[in-house]
Each structure stands twice: as C-alpha cells, then as structure tokens.
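A.B. asks: The structure's right below; bear with me while I get my questions together.
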Ligand SMILES: [Zn+2]
C-alpha cells in the first residue's frame, strides 16, 4: 500500500497497518473522532510529546479555509444569485459538515509530517547498540 493510501485510510505512519483513530465520530450524535494513544499493531505512540497536536490546529485551519474557498468558488461558478447571508450560511454549513473529517485528517497529516516509515526509535537504537 502506498504511503498516500495509508494516510487516506488513517493507518499508522510507521507500520501502515494499525488505525490511528478507533472511531471516526458521528456529527449527528455529536460524538467526535476517538484517537488511539498507541498503534494497535506496532505500539507506536502517536502523541510524541505533550502538546504535540498543537500544530495540527494550523493544518485544520488551512484545510477549513480551502473548503470555504472551494464552496465560495462553487457558488460563483454555478452563478447562483444568492444574498451574502445565504452564501455565508452555505460556507458555514460546509465547515460544519467537514468538522470531524478536518479534525481527523489534520492530526493524521501532522503525524505523517514528522514520522518516516522506517524510522528507528532512539530506544531501539540503544537496544541495538547493546547487542
Ligand atoms: Zn503501527
């Protein structure tokens, strides 16, 4: 499986087998996505340090803005004669619909940005040096 496919499926960046999220959440039930602390397959810890996912907020902001701009461009291209309030309502609806996927993929992108598949953990390096 290619790394991009693993990213889209939310697989662990290290083993590309275990899932990062145990639940995708359901916006109708107001239940957010649930993230595993460690990979269920290789035990890779996803949150590398306290506050690790702070940067994922900026990923989420970028994704959300891209969706909002895409929604606006779609309204303009379709030549819909809407009021400013209606356009803002549609853009807000698009943002709310993609709220949980944005949360999930911003964290997945953040994890993939800093993890290589063949990365060896410092603890593993020390273990290998002892042998
Ligand atoms: Zn894994």
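Where a number appears in this text, it was derived from the coordinates with a stated rule and is not lab data. What you see is a predicted model; the values in this text were computed from it and never measured. Virtual Cβ from ideal backbone geometry, glycine too; neighbours counted across all protein chains shown.
A.B. asks: Among 73, 84, what is the fewest-to-most ranking by other Cβ atoms within 10 Å?
C.D. replies: Working: 73 10, 84 7.
Fewest-to-most Cβ neighbours within 10 Å comes out as 84, 73.
A.B. asks: Name the most mobile residue of 106, 22, 83, meaning the one with the largest mean-square fluctuation, in a Gaussian network model of the chain with Cα contacts below 10 Å.
C.D. replies: Fluctuation is largest for 83.
A.B. asks: First measure r as the distance between the Cβ atoms of residue 37 and residue 96, then evaluate 1/(1 + (r/R0)^6) with R0 = 41 Å and state the FRET efficiency to the nearest 0.05.
C.D. replies: Rounded to the nearest 0.05, the efficiency is 0.90.
A.B. asks: Then there is this: Principal axis lengths of the chain from Cα atoms, whole Å, largest first?
C.D. replies: 72, 29, 29
A.B. asks: For 111, 90, 97, what ranking results if the residue with the fewest other Cβ atoms within 10 Å of its Cβ goes first?
C.D. replies: 97, 90, 111
A.B. asks: Also: For labels at residue 70 and residue 87 in the simple 7 Å Cα→Cβ model, what's the distance in nm?
C.D. replies: It works out to 2.0 nm between the two label points.
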